[in-house]
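First the structure, in the form of structure tokens, and then the observations on it.
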Amino acid sequence: MKSKENQTKTIKKPWPTKDVMEQVYDLNLWGDNSSDYYSGFGSHQSEIVKPYVAVVSSFLTSFKKPPTVCDFGCGDFNIGKEFVKYAKKYIAVDIVSDLIAHNKEQFRVENLEFICLDLAIDDLPSADCALVRQVLQHLSNAEVKSVVHKLSAFKYVILTEHLPNGDFIPNKDIISGQGIRLKKQSGLHLLAAPFNFKVKEEKELLSVKLDAGKGVIVTTLYKVF
Ligand SMILES: C[S@@+](CC[C@H](N)C(=O)[O-])C[C@H]1O[C@@H](n2cnc3c(N)ncnc32)[C@H](O)[C@@H]1O
């Protein structure tokens, strides 16, 4: 048996994010045992989804020519599927390979491509606009920092984050996984330290308040350059 001193010295390395996200889907940790892959209530509840689809559709159709779009952390694609018709090319990305394989089977459209990669580690495809919806909220600050650096390459970024109601201290660190910063009364603010995302314009497109104490889901448009 290990001595007590040795036990306390053992530092648990967090699991790789890919393994964690695979487990979230395998064990249905975001709910709904009836579907193969379920990305959570934020991807399905119509009070949350409908206004989001409306504001993003309006943005995508405001371009003179249909834009190219990357959907980073596309999940079960219940939301992303609504935007494919407005894009010249729509690239949907997720870290969970089985989910990407499933989506490839489910959603077959000529201008739609699914790619499995880790936003924090891999090179990202390019596009006019990046959609990042309820993804970064699940990642550690080190991973968010890496992703934010890559988002500077997109002219437009539409970011959706689940935040606490009212004032809060932003960007408290978490271990990547199923949970989010709400449990620490925190949420992401990319323009603040330690991320310091540099943008030309910031515009809140949507804010959906959840039931008491459950926070607010905020969608922000960033014009990056
Ligand atoms: C809560 S779901 C949101 C799905 C979708 N964006 C939506 O709003 O319906 C978060 C998704 O991000 C994916 N994800 C998490 N970390 C990722 C990473 N590092 N790279 C790519 N995808 C990631 C997860 O696998 C999951 O499908």
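Quick rundown of the values:
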| item | result |
| --- | --- |
| Counted residues, the stretch 60-83 - those being more than 19 Å from L124 (Cα to Cα) and in contact with a Phe, Trp or Tyr (Cβ under 8 Å, 6 or more places away or on another chain) | 7 |
| Enumeration of residues in the stretch 81-117 that are in contact with a strand residue (DSSP E or B) (Cβ under 6 Å, 6 or more places away or on another chain), under 21 Å from V56 (Cα atoms), charged (D, E, K, R) and outside any strand (DSSP E or B) | K88 |
| Residue ID - farthest from I174 (Cα to Cα), chosen from residues in the stretch 12-41 that are of a type in the set (A, V, I, L, M, F, W, C) and assigned to a helix (DSSP H, G or I) | F41 |
| Count of the stretch 87-100 residues which are within 14 Å of G75 (Cβ to Cβ) and more than 8 Å from the ligand (Cβ to nearest atom) | 4 |
| Any hit, the stretch 192-202, residues being of a type in the set (S, T, N, Q) and in contact with a strand residue (DSSP E or B) (Cβ under 7 Å, 6 or more places away or on another chain) | no |
| Residues that are within 16 Å of G80 (Cβ to Cβ), within 11 Å of the ligand (Cβ to nearest atom) and among the hydrophobic types (A, V, I, L, M, F, W, C), drawn from the stretch 125-142 | L131, V132, V135 |
| Residue, nearest to the ligand (Cβ to nearest atom), within the stretch 32-77, restricted to residues that are small (G, A, S) and more than 22 Å from S207 (Cβ to Cβ) | S35 |
| Where A120 falls short, out of the listed (1) in a helix (DSSP H, G or I); (2) within 14 Å of the ligand (Cβ to nearest atom) | (1) |
| Check on E82, more than 21 Å from S46 (Cα to Cα) and either out of contact with any Cys (no Cβ under 8 Å at 6 or more places or on another chain) or aromatic (F, W, Y) (or both) | no |
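Where a number appears in this text, it was derived from the coordinates with a stated rule and is not lab data. Values in this document were obtained by computation on a predicted structure and should not be read as measured data. We place every Cβ from the backbone using ideal geometry, glycine too, and count neighbours over all the protein chains shown.
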